[in-house]
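Step one of this worksheet: look at the structure below.
What follows draws every value from the coordinates through simple rules; no lab data is involved. This structure is a prediction, so every number in the text was calculated from the model and none was measured. FYI the Cβ positions are ideal-geometry reconstructions off the backbone, even for glycines, and counts take in every protein chain you see.
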Amino acid sequence: MKSKSIILALFLSVFVFGFFNIASADSHLHKVSGTVTGCSSKHAVHVLIYEESGFKGMNHTQENIYTPTKGGDCKVDFSMEVPEGPYALASFEDKNGNGELDFFFFIPKEPAGFYQFSGMGAPKFDKMKVDVNRDIDNIEIVLP
């Protein structure tokens, strides 16, 4: 009987410790938020976050999809939570509704933009990365 009590106490201790450990891990997430402008307000707007390891292959870490308010100027507010680290942010308007950014050769066929990148050529992670070590709320991505 004593061994069952000890096993139960041990199990509960592990469970409680694990619960608080998970709760403390969530406190290391930072909110990254801002706006996407330049969209038409007719189609879904995707906001993507990339880590450096997935950037070249366009493998995003996180994606949120927003439905803009119809009419007037399109402005989409977004918010995501990520662990501390460097990230690149991008957005596109999904005009054909297939859930992905379409290309003609290497040129986007749909309105697309990156945070801190406006120019010709391929975007470079190092030039547009955001070092997230706190909450950031002033990100603006402009779609052409």
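Subtracting the Cα-Cα distance of Lys31 and Ala44 from their residue separation scaled by 0.36 nm leaves 2.5 nm. Computed over the Cα atoms of the stretch 29-142, pair by distinct pair, the Kirkwood hydrodynamic radius stands at 14.3 angstrom.
Past the 28 Å Cα-Cα mark, which pairs from Lys42/Lys124; Lys75/Lys127; Lys31/Lys109; Lys70/Lys127; Lys70/Lys129; Lys31/Lys124? Where the Cα-Cα span goes over 28 Å, the pairs concerned are Lys42/Lys124; Lys31/Lys109; Lys70/Lys127; Lys70/Lys129. Here's the picture: charge each Lys and Arg Cβ at +1 and each Asp and Glu Cβ at -1 in the stretch 29-142, and of Ala90, Asn59, Ser41 the one pushed furthest to the positive end of that dipole is Ser41.
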